[in-house]
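Accompanying notes for the structure given below.
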Amino acid sequence: MENKHPASDNTKLTRREALKLAGVGGLGLILGATGMKSLLPSASTSEKAAATPVLADGIIPFYGKHQAGIITPMQDFICMGAFDLTTTSLDDVRKLFQSWTAAAARLTAGQTVDEESGSPHLPPADTGESAGLNPMRLTITFGLGSSFFDGRFGLAGKRPAALVDLPRFNSDEIRKEWSDGDIVVQVCANDPQVAFHALRNLARIARGKAVLHWVQEGFQRTGAADPSGSTPRNLMGFKDGTNNPQVSDPAVANEIVWVQPSDEPAWMAGGSYMVMRRIRMRIEVWDRSALDDQENTFGRHRDSGAPLGKTNEFDDLELDRKDANGNPVIPANSHVALAHMDGKVKILRRGYSYSSGLDARTGQLDAGLLFICFNRDPRKQFIPMQQKLASVDLLNEYITHVGSGLYACLPGASEGGYIGDTLF
Ligand code: HEM
């Protein structure tokens with residue numbers, strides 16, 4: 001079942017033990033040894049089928065045709081940051097991506113960011129807070145914003161046509177401090193400290209070449225809190241992710257997520273476009289609205305997650321159903337009726353809840369959805385969908401989009417190569 005929670009951090013090995021074992025016979029030994037099956041994380045069916053296999057001890061391979069962290073089943077936490085380049089040298093940028101690739105490959109394998117020098121007179125290479133921790137399915141995903149192609153590096157001619165500047169959508173209140181950036185780094189893991197550690201150490205490596213522009217953390221309920229693996233709920237209390245496309249099927253992922261060799265430009269083949277929207281929820285207003293208003297807003301029942309008038313979460317929406325008065329059972333301006341796009345336009349959603357303390361101006365919680373989605377061409381997928389939602393979605397009464405970014409997530413790198421090598 002697609003939405004089974006990947007309870008893959010259920011490992012019995014410490015990172016050090018796994019690495020020792022890996023050192024003896026390689027990870028294949030751990031995977032292959034029948035007597036050691038109980039050491040393996042219990043991957044869900046979708047994980048087994050997904051293009052990004054989960055190896056022992058919560059390790060998701062960094063190298064591959066595609067970057068991990070896109071169709072990878074979601075981890076519990078995200079720590080995401082966007083960087084602005086301070087260098088104007090393309091050679092520096094190339095070196096940065098080479099260093100980041102090496103660091104990301106080590107970190108996702110559960111190692112420190114670099115070898116230690118052993119000198120007590122130098123700062124440690126690694127900041128240390130993930131010492132002894134499992135990698136917890138850590139993934140690190142890199143993307144380029146449109147400003148990356150603004151001419152500083154002689155790459156303006158290489159900007160993908162699909163990497164547009166997102167239009168202003170109805171009732172957007174986008175703030176610069178939560179938006180854009182030359183490079184985005186999405187870090188996900190089943191542990192918040194492992195995720196933070198990775199972003200922090202990548203920022204250290206960038207010193208002198210790039211600075212952080214924004215950072216946003218997010219969460220969902222953990223595998224420990226919900227071993228059943230049911231669909232997570234957002235901060236409005238509704239199951240969120242039910243009708244996501246089944247991207248464990250490569251044909252579906254190729255259609256919806258991955259840029260194809262026939263798409264322009266060639267250097268993006270195997271990559272994907274990521275949209276980030278920081279969406280503030282007016283949860284105090286939401287909490288005062290009646291249950292039937294809430295359910296009509298989404299077009300689904302709150303408890304079961306089923307489409308209105310149905311009982312099972314994964315039942316078809318059947319938007320043409322009418323009630324006794326001839327009105328649609330699922331209101332035409334409900335969130336799912338609109339986002340369904342007649343079944344013709346789809347995106348892969350991979351968002352997290354966020355909570356950033358108190359909004360001092362209003363005395364209300366600053367909380368909502370760190371909406372993230374991946375699509376093959378945002379001009380045909382995210383943009384028309386959001387244009388429709390922004391104009392009439394019943395949900396708009398309760399939300400405001402306050403941060404925004406569109407990024408070209410590079411294809412994956414093979415061992416010996418580096419993220420970005422198809423472009424540079
Ligand atoms: C705070 C903002 C949002 C909340 C709370 C929210 C919540 C939900 C919920 C509860 C569902 C129903 C369950 C499911 O199928 O996952 C849903 C479906 C969906 N949402 Fe959202 N959503 C938000 C924003 C967006 C945005 C910005 C987009 C894209 C532009 C979007 C696209 C979709 C799509 C494509 C579906 C599935 C529709 C279908 O059944 O075919 N959502 N959302």
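The values are calculated or read from the model by the stated rules, or taken from the named source; none is laboratory data. Just so we're clear, the structure is a prediction, and the values are computed from it rather than from any experiment. Note that each Cβ is placed from the backbone with ideal geometry, even for glycine, and that neighbours are counted across all protein chains shown. Heavy atoms of the whole protein, side chains included, go into the accessibility calculation; ligands, DNA and RNA do not. Shrake-Rupley method; radii C 1.70, N 1.55, O 1.52, S 1.80 Å.
General observations
- Residue match in region 111-119 (condition: open to solvent by less than 50 Å² (accessible area, probe 1.4 Å) and in a loop (DSSP other than H, G, I, E, B)): yes
- For region 128-163, the set of residues classified as over 30 Å from Q260 (Cα atoms) and out of contact with any helix residue (DSSP H, G or I) (no Cβ under 6 Å at 6 or more places or on another chain) consists of G128, A131, G132, listed by residue number.
- The residues of region 370-403 that are more than 10 Å from the ligand (Cβ to nearest atom), in contact with a Ser or Thr (Cβ under 9 Å, 6 or more places away or on another chain), within 21 Å of N170 (Cα to Cα) and among the hydrophobic types (A, V, I, L, M, F, W, C), listed by number, are L394, V402.
- Hits in region 247-292 - residues which are touching a strand residue (DSSP E or B) at 6+ places or on another chain (Cβ under 7 Å) and more than 16 Å from the ligand (Cβ to nearest atom): W258, V259, M268, G271
- Pick from region 328-369, criterion within 13 Å of the ligand (Cβ to nearest atom) and in a strand (DSSP E or B), ranking: most open to solvent (accessible area, probe 1.4 Å): R349
- Within region 224-243, residues that are in contact (Cβ under 8 Å) with a residue 24 or more places away in the chain and open to solvent by 70 Å² or more (accessible area, probe 1.4 Å) reach partners that are assigned to a loop (DSSP other than H, G, I, E, B) and away from the ligand (no atom under 16 Å from the Cβ) with beta carbons closer than 7 Å, at six or more positions or on different chains, in the pairs P227/A7.
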